[in-house]
Amino acid sequence: MKRAIYPGSFDPVTFGHIDMIERSAKIVDELVVAVLNNSAKNPLFSVKERVSMLEEITKHLPNVKITFFDGLLIDYARKIDAAIIIRGLRAITDFEYELQLAQTNRIVDSQVDTIFLTTSLEYAYLSSTIVKEVASYGGDISHFVPEQLMERIYQKYAEVRNRTDAKHDCNGSEQ
Ligand code: ADP
């Protein structure tokens, strides 16, 4: 059985990621979408929230499984017996880092290969960062993420704003 891993932050998942998942799922027998649990990246959504979003939008894909991992991707790929890592290439800016990563991983374990899928043109500009930027100002994100996830993203920014306001109130009353 050909098992591949598609790792990422997915903070939050976008139409670009979904396109990658749907296309990859057609190529391999089983696709494990693995959410990187990296607190150093200071993600907006918890791992649990990101896993839940991915589960919701991949319900229609029977050979796709959602998990999360800590530490080195190559160790996790070995642990789950995945011989393929799938990554997306949007632009030349992605290329240098991705190449370095893929080559490093092959030195660590030559049994695990990286396959790159080039982005679909309509999503070439799209990143989680863009989604967060627009959502943080309450802008329209319907072109970037599925409708059923939009409310969660706006809700998250409402929580962040409430927390920030509460902090300011506290600091103000201390003066
Ligand atoms: P990371 O933090 O590892 O870059 P991301 O969640 O940003 O994680 O992306 C995960 C993977 O999805 C990466 O391989 C990235 O290149 C790819 N990807 C992200 N956005 C798009 C997009 N719009 N089109 C195609 N691939 C994408």
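The values are calculated or read from the model by the stated rules, or taken from the named source; none is laboratory data. Computed from a predicted structure; not experimentally measured. We place every Cβ from the backbone using ideal geometry, glycine too, and count neighbours over all the protein chains shown.
Tabulated data for the structure shown
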{"quantity": "Failed condition for Val35, given (1) surrounded by fewer than 17 Cβ atoms within 10 Å (Cβ to Cβ); (2) within 13 Å of the ligand (Cβ to nearest atom); (3) modelled with pLDDT of 95 or more", "calculated": "(1)"}
{"quantity": "Condition met for Met53 (under 30 Å from Val160 (Cα atoms), hydrophobic (A, V, I, L, M, F, W, C) and either without any contact (Cβ under 8 Å) to a residue 60 or more places away in the chain or surrounded by 13 or more Cβ atoms within 10 Å (Cβ to Cβ) (or both))", "calculated": "yes"}
{"quantity": "Flag for Val35 being within 12 Å of the chain's Cα centre (by Cα) and in contact (Cβ under 8 Å) with a residue 24 or more places away in the chain", "calculated": "yes"}
{"quantity": "Checking Ile27 against (1) out of contact with any helix residue (DSSP H, G or I) (no Cβ under 6 Å at 6 or more places or on another chain); (2) within 26 Å of Ser136 (Cα to Cα), the condition it does not meet", "calculated": "(2)"}
{"quantity": "Counted residues, the stretch 95-149 - those being within 14 Å of the ligand (Cβ to nearest atom), acidic (Asp, Glu) and surrounded by 12 or more Cβ atoms within 10 Å (Cβ to Cβ)", "calculated": "2"}
{"quantity": "Selection from the stretch 70-94 of residues that are within 12 Å of the ligand (Cβ to nearest atom), of a type outside the set (Gly, Ala, Ser) and surrounded by 15 or more Cβ atoms within 10 Å (Cβ to Cβ)", "calculated": "Leu73, Ile85, Ile86, Arg87, Leu89, Arg90, Asp94"}
